[in-house]
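*Asks:* Below are the structure tokens for one structure; questions will follow.
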Amino acid sequence: MILDDYRSPWLTEDLADLQQLARTFMQKEVVPNQARWAEQHMVDRDFWRAAGAAGLLCISIPEEYGGGGGTFAHEAVIAAEQARVADDAWANSVHSTIVAHYLAAFGTEEQKRRWLPGMASGDLVGAIAMTEPTTGSDLQRVRTRGLRDGDDYVINGSKTFISNGTHADLLVIVTRTSDEPGGRGLSLILAETRDLPGFQRGRVLEKIGMHGQDTRELSFVDMRVPAANLLGGVEGRGFQQLMEQLPQERLIIAVTAAATAEAAVREAVAYAKEREAFGQDLLSFQNTRFVLAECAADALAARTLVDSCITRHVAGELDAAGASLAKFWCTDIQNKVVDRCLQIFGGYGYMMEYPIARMFAAARVQKIYGGTNEIMKELVARAL
Ligand SMILES: Cc1cc2nc3c(=O)[nH]c(=O)nc-3n(C[C@H](O)[C@H](O)[C@H](O)COP(=O)(O)OP(=O)(O)OC[C@H]3O[C@@H](n4cnc5c(N)ncnc54)[C@H](O)[C@@H]3O)c2cc1C
């Protein structure tokens, strides 16, 4: 298979070992549970601990805080293996590559020691609450308020579309802490949600795909959190902190996009070899052959773009425009490739028991979250 002949230039022996470990883990711990997770709209709580015990959580967080001591490349390997089995239920990228990195990059020493080891073991599940019912792309319009009252912040507001909303024990909340205009008034405040008065979980949202993911509305009513939970300990830095971390969030979405495109081609090739019509297998029709050749080229092009971004990101050289470019281009390719591969399955492609159907339903949101593809193009255009 042409896609298997290509090896990412950054894939060291250490990372190839991780790839094997993650592949085995996905087969054993994820694949048998996918249908059940979709029905219950969340992964099992114990699954987070199993992932922690296997060393797959917070793998790019320094060992002194309980992490795996790896780099973004380690996260990319895990995300790609998850995509390979068409899993869209486990929001590890939110937990390990986003929330844990806010703490690692901006947390005080006390904050890192307090929360990162629990995140690495799976005892604490992380989530980030930026989006509100009235604002998503335009983050500077966030209305959730955090008012200082003695040694606490009193938080009021509501958030929506929050991944890991059911499991979240540790929530990073984008909060307005002053009347300074735009982003200057925003801060990131962490809340430990267990038994926290004023913390309310709203609906589990019915999505068109990613049914196994616990995406929820959350609200805060006079919710008190210690002032010591202000990320980094200084108010007004929230918007800057978001801007610094968002490129990594966008790159991990691109990684998943490229790996899913590859997985779709693999699924379609296998099906086209075995399904017969008019006395021959589907792969012998010229249309099938041409479609799959084009999809393989698209998938490989996405993979090589992502590979170059990973190399640059690990070296600390990937800027916001570069990550945004990879995010919009790879997710567009993902949607195109998955749609074309699904067509090869005929009616079976529309049945959720087939991974290609799950891939199709999950692909759409990749162009929306993590910053919409339109916003990504704006960021790229500004760098032209
Ligand atoms: C399944 C799922 C999981 C999510 N998980 C999380 C999460 O864990 N945490 C979190 O905080 N959020 C999460 N989100 C929210 C997601 O990040 C937002 O939906 C996204 O940023 C877009 O915001 P919006 O929905 O408010 O759309 P809007 O900002 O209202 O945009 C609507 C449309 O207008 C376009 N538009 C807006 N501004 C411009 C502009 N300047 N130029 C051109 N076009 C523009 C957009 O591209 C889009 O097409 C999730 C969303 C989904 C669907």
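The values are calculated or read from the model by the stated rules, or taken from the named source; none is laboratory data. Because the structure is a prediction, the values reported are computed rather than measured. FYI the Cβ positions are ideal-geometry reconstructions off the backbone, even for glycines, and counts take in every protein chain you see. Only protein heavy atoms, including side chains, enter the accessible area calculation; ligands, DNA and RNA are left aside. Shrake-Rupley method; radii C 1.70, N 1.55, O 1.52, S 1.80 Å.
*Asks:* For the chain, what is the charge dipole size about the Cα centre, in debye to the nearest 20, if Lys and Arg each add +1 at the Cβ and Asp and Glu each add -1 at the Cβ?
*Replies:* So the dipole magnitude of the chain works out to roughly 720 debye.
*Asks:* Computing the accessible area with a 1.4 Å probe over protein heavy atoms, can you report the carbon and sulfur percentage for segment 127-235?
*Replies:* The computed percentage sits at 48.
*Asks:* So, one more: Please state the equivalent ellipsoid semi-axes for the chain: what are the square roots of 5 times the Cα gyration tensor eigenvalues, largest first, in whole Å?
*Replies:* Ellipsoid semi-axes (Å, largest first): 37, 21, 20.
*Asks:* Tell me, what is the FRET efficiency for residue 311 and residue 54 to the nearest 0.05, using R0 = 41 angstrom and their Cβ-Cβ distance as r?
*Replies:* My answer for the efficiency is 0.95.
*Asks:* How many angstrom lie between the C-alpha centres of segment 65-100 and segment 128-196?
*Replies:* Measuring centre to centre over Cα atoms gives 24 Å.
*Asks:* For segment 155-224, report the accessible area per residue in Å² (1.4 Å probe, heavy atoms, rounded to an integer).
*Replies:* Here the residues of segment 155-224 average 40 Å² of exposed surface.
*Asks:* Can you give the calculated 222 nm mean residue ellipticity of the chain, where each DSSP H run of n ≥ 4 adds -39,500 (n - 2.57) and the sum is split over every residue, rounded to the nearest 500 deg cm²/dmol?
*Replies:* Here the helix-only value at 222 nm equals -15000 deg cm²/dmol.
*Asks:* Which of 232, 150, 322 ends up with the largest GNM mean-square fluctuation for the chain, with Cα atoms connected below 10 Å?
*Replies:* So, out of 232, 150, 322, the one fluctuating most is 150.
*Asks:* For segment 264-358, run through the chymotrypsin sites (Phe, Trp or Tyr not before Pro) and keep only the ones in DSSP coil with at most 10 other Cβ atoms within 10 Å of their Cβ.
*Replies:* 278
*Asks:* With a point put 7 Å past each Cα toward its Cβ, work out how far residue 221 is from residue 206 in nm, to one decimal.
*Replies:* That separation, rounded to one decimal, is 2.5 nm.
*Asks:* Something else about it: For a test of the definition: using alpha carbon positions, the gyration tensor, and the 1.5 limit on a/c, classify segment 127-235 as rounded, prolate or oblate.
*Replies:* oblate
*Asks:* Let me cross-check residue 90: its accessible surface, 1.4 Å probe, with only protein heavy atoms counted, in Å² to the nearest 10?
*Replies:* Per-residue accessible area (residue 90): approximately 10 Å².
*Asks:* Plugging the Kirkwood radius over Cα pairs into Stokes-Einstein for segment 339-384, at a temperature of 20 °C and a viscosity of 1.002 mPa s, what D comes out in µm²/s?
*Replies:* Answer from the Stokes-Einstein relation: 175 µm²/s.
*Asks:* Can you tally the lysine pairs in the chain where the Cα-Cα distance is under 16 Å and the two residues are eight or more apart, or on different chains?
*Replies:* Value for the chain: 6.
*Asks:* Over the chain, what is the percentage of antiparallel beta bridges among all DSSP beta bridges, to the nearest 5?
*Replies:* Here the antiparallel bridges make up roughly 85 percent for the chain.
*Asks:* Give, rounded to the nearest 20 debye, the magnitude of the charge dipole that segment 239-382 has about its Cα centre when Lys and Arg contribute +1 at Cβ and Asp and Glu contribute -1 at Cβ.
*Replies:* Here the size comes out at about 120 debye.
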